[in-house]
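Reviewing the structure listed below.
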Amino acid sequence: MDHLPPAARSALMSRIRGKNTTPEIVVRKLVHRMGGRFRLHVRKLAGTPDIVLTRRRKIILVHGCFWHHHLGCKRASLPKTRQNFWRRKIEGNTQRDTANTLKLRNAGWKVLVVWECQTRKPTILVGKVSRFLAK
Ligand SMILES: [Zn+2]
């Protein structure tokens, strides 16, 4: 833990706190404000997706940049120590993400991934979510 960069540390802490992370809550509030009605953490769907708009058949996944490896994002860089351990772990996560998203899409769901860092940029976030809901 001591060797983790701040982004990884906060991501880890959010995970320990459970599912209801700050980025997820930001997205939920926004979707709700836009009139989207949803269920949370639906276990019977692949990967227990965060936000499920059942009637619209849409799913929003809120991904932490470190754990889900947001490509090109500075919050996704690996800690300096135990790099093999982290690489394996993160690769496992991203492979699981890809497989789950494929399963959901094959079952007819539209899937949007919102990255943690995007939840800090309201303009980008609002644009992204409203485009997705309007589809
Ligand atoms: Zn990011």
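The values are calculated or read from the model by the stated rules, or taken from the named source; none is laboratory data. Since the structure is predicted, the reported quantities are computational estimates derived from the model, not experimental observations. With ideal geometry, Cβ positions are generated from the backbone for all residues, glycine too; neighbour counts draw on all protein chains shown.
Quick grid of which residues meet (1) aromatic (F, W, Y); (2) surrounded by 13 or more Cβ atoms within 10 Å (Cβ to Cβ); (3) at pLDDT 95 or above:
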| site | (1), (2), (3) |
| --- | --- |
| L78 | no, yes, no |
| R87 | no, no, no |
| K103 | no, yes, yes |
| N106 | no, no, yes |
| L112 | no, yes, yes |
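Here is a yes/no grid of residues against (1) acidic (D, E); (2) more than 10 Å from the ligand (Cβ to nearest atom); (3) in contact (Cβ under 8 Å) with a residue 60 or more places away in the chain; (4) in a loop (DSSP other than H, G, I, E, B):
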{"site": "H69", "(1), (2), (3), (4)": "no, no, no, yes"}
{"site": "K89", "(1), (2), (3), (4)": "no, yes, no, no"}
{"site": "T94", "(1), (2), (3), (4)": "no, yes, no, no"}
{"site": "D97", "(1), (2), (3), (4)": "yes, yes, no, no"}
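For the stretch 99-126, how many residues are assigned to a helix (DSSP H, G or I) and more than 16 Å from V62 (Cβ to Cβ)? Final tally of qualifying residues: 6.
Scanning the stretch 71-111 for residues that are of a type in the set (V, I, T) and farther than 30 Å from L53 by Cα gives a single hit, T81. Each residue in the stretch 99-115 was checked for being within 14 Å of the ligand (Cβ to nearest atom) and more than 20 Å from T21 (Cα to Cα), and 0 of them qualify. Only a single criterion out of (1) within 16 Å of the ligand (Cβ to nearest atom); (2) modelled with pLDDT under 95; (3) farther than 20 Å from V31 by Cα is not satisfied by G64, namely (3). Take the conditions (1) surrounded by 12 or more Cβ atoms within 10 Å (Cβ to Cβ); (2) among the polar types (S, T, N, Q); (3) more than 13 Å from the ligand (Cβ to nearest atom); Q118 misses just one of them, which is (3). When you check R55 against the structure, is it part of a loop (DSSP other than H, G, I, E, B), without any contact (Cβ under 8 Å) to a residue 40 or more places away in the chain and not hydrophobic (A, V, I, L, M, F, W, C), yes or no? Yes: the conditions hold for R55. In the set (1) among the small types (G, A, S); (2) modelled with pLDDT of 95 or more; (3) on the phi > 0 side of the Ramachandran plot, A46 fails one condition alone, (3).
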